[in-house]
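Accompanying notes for the structure given below.
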Amino acid sequence: MLLSAITIFTSAFLLFLVQPIIAKEILPWFGGSAAVWTTCLVFFQTTLLLGYAYADWSVRTLKANRQVQVHAALLVASVLFLPIVPREFWKPAGSENPIWLILGLLAATIGLPYFLLSTTSPLAQAWFARRFPGRSPYRLFALSNLASMLALLGYPFLLEPWIATRTQAWSWSAGYAGFVALCIVTALASLRAPAASTGYAIAANPGPHANERAPTGARQVLWCALAATGSLLLLSVSNHITQNIAAVPLLWIVPLSIYLLTFILCFDAPRWYRRDIFLSMAAAALGVMAWTLADDRLTHDLELQIGVFCVGLFIACMFCHGELARLKPAPRYLTRFYLMISLGGAIGSALVGIVAPLVLNAYFELAFGIVLCAVLLMWQVRRDIIVMRVLAVAASLTATGCAVWGIQEFYDTTILTTRNFYGVLRVQESGAGTDEGRRSLIHGTIMHGNQYLSPVFKREPSTYYTTTSGIGRVLESLHPTKDPIKVGIIGLGAGTIASYGARGDVYRFYDINPAVPGIAHTWFTYLDDSDAKIETVLGDARLNLEREPPQGFDVLAIDAFSSDAIPVHLITSEAVDVYLKHMKPGGVIAFHVTNRFLDLVPVVKALADAHALRATWIRDEGEGPLASRSDWVLLARDGTVLDRPLIAEAETEITEHPEWRLWTDDFNNLVQVLKD
């Protein structure tokens, strides 16, 4: 028992520890997009399915000796994948489909090790059932989930803040090599069972459940549906949270830990899943989640959103996994049971990570997942007391009604919507035919540009970019010169900054989302009306700047942090090194750090101090008719540039935090910068 437990614990720990390690390694390559983690989860769930399918095939068709030989050979071969460090040639050039590139990268980097780790829990449980007939192996499943959760919770607090990402990968690789030896020992020990030489894995020792009938097809479909619903909700809630804050391991791990905790509780002992209590709680939670998602007045209430959807995910997954635990078969069918659970998990993740971006114009999958869970609740209580049935019907009607309401609200005043790997973009038009008529570009829930339709204001910069904003003051202070200027802008949006362009100037925009340039040219006129030469570069800005020769920018605006999900890799010490390579001696780097939830001003000030740059914070309250409140932090090697009257008169004192660590590619602390 002890050897099986140690092997399962070690494999599960490594299985889930590698997830944030590899995802964080590749996150900067794909613009820090929240979809990177979702795509990684698709790979993890799909590989888990393949691992469980292999375990089911191995247990049912191979004799014990042969099974151990095959598995040991695969374990030894998997060592050739180490260390798990992605090769540089996987970095995107800008034109590839990110989803398939990420899946290929993961398969080439961690494919076989991850596959074999995923087979360990069902295989080791099958070996245990063979050696100890009559003893239930299902608590080993709970143990594996406990190890998984410990790995996930330990990563953001004990590993990520202190150990460089590359060192994490090498350390994990060493741990995996040790696991290979441990797993081979466990497999060989299983051959000591009396029936090992005469039969298949567990068929020869069915124990007291020998007369239990094989699970029906309908029962297996139900297993799959329950698992798929839990997985779909996991990915949808993860998407919802990370898009509203940032794509970082801490926020990836919270929903996944909740998901795993429900597996641990439900498969540890029946006492944790009090069915009547959780069925009624699930009905209430689904209704609350559906309402919170649909009511746009609650969209920006961060504490409410995290609280409702994390608690709701726990209750919904307790229902899904509690019902799974109630329906689990005899140990002789456990590999098929786990296979159907992993199939459901893969289906749920693929629906969110691959299918939804192709067929849905917005993030409607969470609403659909809530409806699906409510329908499953109705099915499961169809023979229960009338009160439970009424609650389930009420939950289904509420979830469906709120989904319809939310979709109608989304399309109200929307004239265009499109979705890809990098998110949902929509163009809204309001007040058409009046002096207040305008178009707005919305990314997720955040405005990324606004243009008034009236000829009087059509060419005027608005929102965060007016003449009283940080970027406006910098550009206006440069315009009296007779020499043309070159301006780089990370983040195109509606192209508002181009309105400052004068004849002979060059405005070079970098944007990772291939849908943005077409929208900026078709639905807004800032780019076409500008007197400057407009250049557009597609792909991750930092990767492109690393590859390009020095551009000689007079101004480089990093306009990528107004969204609540910030690309952290653009605000690190290494990123500033890249920016400085492209600046003229008197150039200004302008960080746009307007953000509802995160106070990034001290972070940029620390970056300036680390590179011997002067920093000036321009806080504009947006009191003009076209303006929005904005925060810009300006950095310059030559401090006299920031003494120009137009800039100096608006300077705001920066409150420094010397106790905060410098942000690097290996370290950031979003919890520390959350606003009160």
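Limiting things to C-alpha atoms, what are the Rg and the maximum Cα-Cα separation (Dmax) for segment 460-525, in angstroms?
Considering segment 460-525 through its Cα atoms, Rg and Dmax are 12.2, 35 Å.
Applying 1/(1 + (r/R0)^6) with R0 = 45 Å to the Cβ-Cβ distance of Asn97 and Val387, what FRET efficiency is obtained, to the nearest 0.05? Show your work: numbers first, answer last.
Details: r = 49 Å, r/R0 = 1.10.
Computed FRET efficiency for Asn97 and Val387 comes out at 0.35.
Quick one: grab Rg to one decimal and Dmax as a whole number for segment 601-676, Cα atoms only, in Å.
14.0, 42
Can you list the HN-Hα couplings for segment 32-45, worked out from phi with the Karplus curve (6.51, -1.76, 1.60; θ = phi - 60°), rounded to whole Hz and with x for Gly and Pro?
Once rounded to whole Hz, the list reads x, 5, 4, 6, 4, 5, 4, 5, 4, 5, 4, 4, 4, 5.
Report the label-to-label distance for Asn65 and Ile407 in nanometres (one decimal), using points 7 Å from each Cα along the Cα→Cβ vector.
6.0
Between helix 334-350 and the chain, what is the angle of the helix's C-alpha long axis to the longest principal axis, kept within 0 to 90° and rounded to the nearest 10?
Around 20 degrees separate the two axes.
Non-local amide H neighbours of Phe553 (under 5 Å, H modeled in plane, Pro and chain starts lacking H): which ones?
Met583, Lys584
Once amide H atoms are placed 1.01 Å from N in the peptide plane, what residues at a sequence separation of 5 or more from Ser628, or on another chain, have their amide H within under 5 Å of its amide H?
Result for Ser628 returns Thr463, Tyr464, Tyr465, Thr466.
If the cut-off is a Cα-Cα distance under 18 Å, which lysines reach Lys533, setting aside same-chain residues fewer than 8 apart in sequence?
Excluding near neighbours in sequence, the set is Lys482, Lys486.
Just to verify a number: FRET efficiency for Glu88 and Trp660, C-beta to C-beta distance, R0 = 41 Å, to 0.05?
That gives a FRET efficiency of 0.85.
Classify segment 420-577 from the C-alpha gyration tensor, please: rounded if a/c falls under 1.5, else prolate or oblate depending on whether a/b exceeds b/c.
Oblate, because a/c is 1.5 or more while a/b does not exceed b/c.
Tally the DSSP beta bridges in the chain and give the antiparallel ones as a percent, rounded to 5.
Here the share of antiparallel DSSP bridges comes out near 60 percent.
What residues qualify as long-range amide H neighbours of Gly501, i.e. H under 5 Å apart, gap of 5 or more or another chain, H built at 1.01 Å from N?
Asp531, Ala532
Applying the Karplus parametrisation 6.51 cos²θ - 1.76 cosθ + 1.60 with θ = phi - 60° to the phi angles of segment 222-230, what ³J(HN,Hα) value in whole Hz is obtained for each residue in order, glycine and proline being reported as x?
Karplus values, whole Hz, x for Gly and Pro: 5, 3, 4, 5, 5, 5, 5, 5, x.
How much length would be gained if the chain were fully extended between Leu80 and Asp638, taking 0.36 nm per residue of separation minus their Cα-Cα distance, in nm to one decimal?
Gain in length upon complete extension: 195.8 nm.
Tell me the label-point distance for the pair Arg219, Asp435, using the 7 Å Cα-to-Cβ offset, in nm and rounded to one decimal.
Taking the two extended label points, one gets 7.5 nm.
For segment 112-118, take each phi angle, set θ = phi - 60°, evaluate the Karplus expression 6.51 cos²θ - 1.76 cosθ + 1.60, and give the result in whole Hz per residue in order, putting x for glycine and proline.
5, x, 5, 4, 6, 4, 5
Compare the Cα positions of Ala520, Ala147, Ile21 along the charge dipole of the chain (+1 at Cβ of Lys, Arg; -1 at Cβ of Asp, Glu; about the Cα centre) and return the one farthest towards the positive end.
Ala147
Take the alpha carbon atoms of the chain, find their radius of gyration, then divide it by 2.2 N^0.38 Å using N residues; give the quotient.
After normalising by residue count via 2.2 N^0.38 Å, the value is 1.06.
Okay, helix-only estimate at 222 nm for the chain: each DSSP H run of n ≥ 4 adds -39500 (n - 2.57), divide by all residues, round to 500 deg cm²/dmol; what do you get?
Computed mean residue ellipticity for the chain: -17500 deg cm²/dmol.
Over the residues of segment 1-205, compute the C-alpha Rg and express it relative to 2.2 N^0.38 Å.
After normalising by residue count via 2.2 N^0.38 Å, the value is 1.07.
No value in this document is a laboratory result; all are computed from the given coordinates. This structure is a prediction, so every number in the text was calculated from the model and none was measured. Glycine gets a Cβ as well: all are built from the backbone with ideal geometry, and neighbour counts include every protein chain shown.
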